[in-house]
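Structure first, commentary second.
Just so you know, all these numbers are worked out from the coordinates, no wet-lab data involved. Computed from a predicted structure; not experimentally measured. When we count neighbours, we look across all protein chains shown, and the Cβ atoms used for this are built from the backbone with ideal geometry, even at glycine.
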Amino acid sequence: MYDLPELAEATDAWWAGLRRHLAQAGFQDLPALLSRPMNHMAHWLEEEQIFTQTCGYPLTHGLKGKMRLVATPRYDAPGCAGATYVSWVVVRRGDPARSVADLRGRHVAFNARDSQSGYNALRALVAPLARNGRFFAAGFETGAHRASLAAVKAGEADVAAVDCVSFALIRRAARAEMEGLRVLCATAAAPGLPYVTSTTTSDADLGRLRAGLTAACADPGLAETRSRLLLDGFDVLPDKAYDVIPAMEQTAIASGYPELA
């Protein structure tokens, strides 16, 4: 889910190391190369899916009851606390806004409607300020956090919410893309983007997945790779930890603000 082109080599190295440790934990014939599917939902729902990463919103909606939680990575990025993260609300550097309320009537860019960080968290943040179901004057979907940042920078939108891990990785990989932008505030926190497996994965194999992941996170030979990806271990959270995500949505809907824009 954080597979920037500039970090593809590190992402591949992380998989290679994880694959090695998963093999030692008992998994054989795992693919040597990562799949990078265009259709994420179809990928997640593959019947024999062993290990992948998703976003908390799909997990609690389209994938509800269809995936098993393996673990939630911890990231070493501002805005992260343990296995939780926030989104940064980003505006142009010269924008006079000093609070979320100052964004009323502006244009918003968001990566996708099924994004916790780019859509749901921002909707929950501004819902108490909405009037007659409206806050932003207009909005549009960009397809990616990086594209949302570019839209704000170019003046095509006034604001976007970008998850703090993406923000940190983009700033590290392409700092020039952040020039002219600033963080206005943060959204509420939610559990991070989890590693998941198919519901057909047995309890024994789930334990082996976690054992392999534990070994990979402790492998000193992978320390540099983990650092490049901001990986700082993982937590095993209960499914109910993610209930905060649909709760954000339902609170916004109940307040009469079902759509971001």
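Segment His61..Lys240, full-extension length gain: 63.1 nm, with 0.36 nm per residue of separation and the alpha-carbon distance subtracted.
Farthest towards the positive end of the charge dipole of the chain, among the residues Trp15, Trp88, Ala25, is the Cα of Trp88, using unit charges on the Cβ of Lys, Arg, Asp and Glu.
Can you give me the C-alpha center-to-center distance between segment 109-129 and segment 14-66, rounded to a whole angstrom? Taking the Cα centre of each part, segment 109-129 and segment 14-66 sit 26 Å apart.
With an a/c value under 1.5 for the gyration tensor axes a ≥ b ≥ c computed over the alpha-carbon atoms, segment 82-149 is described as rounded. One decimal place: the segment Asn132-Ala16 gains 36.6 nm when fully extended, by the rule 0.36 nm per residue minus the C-alpha distance.
Think of each Lys and Arg Cβ as +1 and each Asp and Glu Cβ as -1; about the Cα centre, that makes the dipole of the chain roughly 760 debye. Each of the peptides 54-60, 72-78 was scored by the mean count of other Cβ atoms within 10 Å over its residues; in descending order, highest first, they stand as 54-60, 72-78. Modelled spin-label separation between Ala42 and Ser99, with each label point placed 7 Å from Cα along the Cα-to-Cβ direction: 4.8 nm. Taking each DSSP H run with n ≥ 4 as -39500 (n - 2.57) and averaging over every residue of the chain yields -9500 deg cm²/dmol at 222 nm.
Measuring between their Cα centroids, segment 191-251 and segment 140-182 lie 26 Å from each other. Computed from phi, the 3J(HN,Hα) profile of segment 97-114 under the Karplus parametrisation 6.51, -1.76, 1.60 (θ = phi - 60°) reads 4, 10, 8, 4, 4, 6, 8, 4, x, 8, 9, 10, 10, 9, 6, 6, 6, 9 Hz, with x in place of Gly and Pro.
For an R0 of 45 angstrom, estimate the FRET efficiency from the Cβ-Cβ distance between Thr200 and Glu177 and round to the nearest 0.05. E between Thr200 and Glu177, to the nearest 0.05, is 0.65.
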